[in-house]
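Student: Please read through the structure below; I'll follow up with questions.
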Amino acid sequence: MLSKELIHPKQPLVDDPIRLSAVAASGLIHSGPDPLFNELCQLAAEMADVPIALVTILDDRRQFFKARSGLDTPETPIEWSFCQHVLQAPDQVLVVDDALNDERFRNNPLVTGEPHIRAYMGAPVVNRQGQTFGTLCVIDRRPRAFAQDQAQRLARLAKLVSALIEGQQQSKRELEDHQQQTALQLQQLLILLPHSLDLQAYTDTDAIYHYANTALASAFGPGTQQLVLRHISDIPGQAAYVEPIC
C-alpha cells in the first residue's frame, strides 16, 4: 500500500488555470480505456525495452493513467508525479537515469516503494493551443542511460498521442454541433407545424398517429390530441386507408 506522505510540492505549472481548464474540458480524467491509447503505450514500452509505460493526464490533484502497460495502479497523487516536471519544459523529453541519485525523486514513494522506479523518460503530450495535458512516459526498475534516438522516438510517439486526443476532441465538437443544429431544427419545426395550412402528421410503422397538426385535426373533426395514438384508418375512414404492400 502506497504511503500518502507528500514528498515534494507541486510544480508551478501544474496549477495553471488555463491548463487545468483545458484538461477538464477534454474529459480525459477518469475516462475509460481506449485501445488506441493502449497500443501507443505498448509501442513505447517495446521501443524503450522497459517493463512499464504510461499515458498520463495531470490535473491539480492527480496523475491519471489514460493508458498503462505493466502497472495496475490507475492514478497517483500529483505530488508523487515525475511527469509534473515535464510541464516546466514542454518542448523537451525529461530523462532520469537513476532516481536514487536525483534530489527531486530519491525519497519519492514510487522510488522507495512499488513500482521502484529507477529510470524514467517522459515526453510531453500537448494540445494544439500549447497546453501540456501530461506525458507519454517509460519506466525501468533498474538504473539505465536511455539512448538519444529512444528519446526522439518517444517524443514522436507522444505527438501521436497528442494528435489522437485532438482528433477525438474534434469529433466530439462536431457531434455536439450536429446535435445542437438538429435540436434547433426540430424546435423550429415543432413551432411551425401546428400553424401550417398543410395537413401534417407523423405515424409509426404500424400506422399509429404520434403527431397531428391543427389543420389535419380540423379536416377530420376530432381535436389534435384525439388523433394521437389512434390508427390512421380510424380517422379518414377505412376506405381512405390502404394497407402498404410489403
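The values are calculated or read from the model by the stated rules, or taken from the named source; none is laboratory data. Quantities reported herein were computed from a predicted structural model and do not represent experimental measurements. Methodologically, a virtual Cβ is constructed for each residue, glycine included, from the backbone with ideal geometry; neighbour enumeration extends over all protein chains shown. Areas reflect the complete protein model, heavy atoms only, side chains present, ligands, DNA and RNA absent. Shrake-Rupley method; radii C 1.70, N 1.55, O 1.52, S 1.80 Å.
Student: With +1 on each Lys and Arg Cβ and -1 on each Asp and Glu Cβ, and nothing else charged, work out how big the dipole of the range 10-62 is about its Cα centre, in Debye to the nearest 20.
Tutor: It works out to roughly 240 debye.
Student: Follow-up. Let me spell out the model: positive unit charges on the Cβ of Lys and Arg, negative unit charges on the Cβ of Asp and Glu, origin at the Cα centre of the range 47-173. What dipole size does that give, in debye rounded to 20?
Tutor: It comes to approximately 400 debye.
Student: I would also like to ask the following. Can you tell me which aspartates and glutamates have their Cα less than 12 Å from the Cα of K159? Leave out same-chain residues fewer than eight positions away.
Tutor: Partners found: D91.
Student: Shifting gears a bit: Compute the Cα gyration tensor for the range 39-114, then decide on rounded, prolate or oblate, letting a ≥ b ≥ c be the square roots of its eigenvalues: rounded whenever a/c is under 1.5, prolate when a/b is larger than b/c in the other cases, and oblate in all that remain.
Tutor: Since a/c stays below 1.5, the shape of the range 39-114 is classed as rounded.
Student: Set Lys and Arg Cβ to +1 and Asp and Glu Cβ to -1, take the dipole of the range 63-162 about its Cα centre, and tell me which of Y120, T73, S162 lies farthest positive.
Tutor: S162
Student: Test of the criteria: in the range 66-129, which GluC sites (Glu not before Pro) are in a DSSP loop and have at most 16 other Cβ atoms within 10 angstrom of their Cβ?
Tutor: E103
Student: Output the relative contact order of the range 1-100, whole-number percent, from Cα pairs under 8 angstrom with separation of 6+ residues.
Tutor: 28 percent
Student: Ignoring ligands, DNA and RNA, what percent of the accessible area of the range 62-162 is carbon or sulfur (1.4 Å)?
Tutor: C and S fraction of accessible area: 45 percent.
Student: Would you list which aspartates and glutamates come within 14 Å of K66, measuring only between C-alpha atoms, while excluding same-chain residues fewer than 8 positions from it?
Tutor: Straight-distance partners of K66: D34, E39, E75.
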